[in-house]
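Since the structure comes first, as structure tokens, the remarks are kept for the end.
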Amino acid sequence: MATKKSEAQMRYDKANTRFYGVKLNLRTDADIVAYLDAQPNLQACIKQALRDHIAAHPTPTNHFAEKEASTMTVINQSGKGIDFNAALSLMDDDIREALHAEGYDTEQAFFSAYEQAHAEKYGAPWELSKENPVW
């Protein structure tokens with residue numbers, strides 16, 4: 001059974017942190033493994049390397065990710081309100097990524113374009129485009 005401290009830590013971690021892992025091959029990534037093994041503070045080393053990379057290679061802001069924490073309602077082609085963030089997880093990956101690369105200004109414009117692209121690809125309306133969508 002978890003202690004109160006570990007339960008509190010788990011709640012904090014869930015709300016405030018993300019974990020990213022990387023698997024390295026001892027043969028093909030030997031240079032990286034040797035460098036990382038020699039670091040006295042691995043986390044600080046990796047964070048600084050990433051910050052240096054970000055500074056050298058700025059990327060466009062993902063405005064959809066910025067709004068991830070809030071609920072954004074879009075209107076489907078049948079006039080029904082749909083939770084945009086929930087809808088993202090139900091979209092066809094290929095269509096979603098292709099449209100994302102086009103850079104829509106608003107979630108509504110993106111959602112409407114997705115509805116059209118989905119209907120073109122599958123020859124039928126997307127479930128969330130219907131008057132009474134089933135989640």
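When A87, A101, A113, A109 are checked against the criterion of being assigned by TED's automatic domain parsing to the domain that holds M72, of a type in the set (A, V, I, L, M) and modelled with pLDDT under 90, A101 stands alone in meeting it. Give the stretch 86-126 a look and list any residue that's surrounded by 12 or more Cβ atoms within 10 Å (Cβ to Cβ) and acidic (D, E), or say none. Selection gives D92, E107, E115.
When residues in the stretch 18-33 are screened for being of a type outside the set (F, W, Y) and loosely packed, with under 10 Cβ neighbours inside 10 Å, 9 of them pass. Where helices (runs of 4 or more DSSP H) sit wholly within the stretch 66-135, those with at least 3 residues that are in contact with a Phe, Trp or Tyr (Cβ under 7 Å, 6 or more places away or on another chain) occupy 93-102, 107-122.
Taking the conditions exactly as written (over 16 Å from T106 (Cβ atoms), at pLDDT 90 or above and in a helix (DSSP H, G or I)), does K47 satisfy them or not? Answer is yes for this residue.
Within the stretch 89-135, the residues that satisfy the criterion of being within 14 Å of S78 (Cα to Cα), charged (D, E, K, R) and touching a residue at least 40 places away in the same chain (Cβ under 8 Å) are K130, E131.
The values are calculated or read from the model by the stated rules, or taken from the named source; none is laboratory data. None of these values were measured; they are calculated from a predicted model. Don't worry about glycine lacking a Cβ; one is built from the backbone with ideal geometry, like all the others, and counts go over all protein chains shown.
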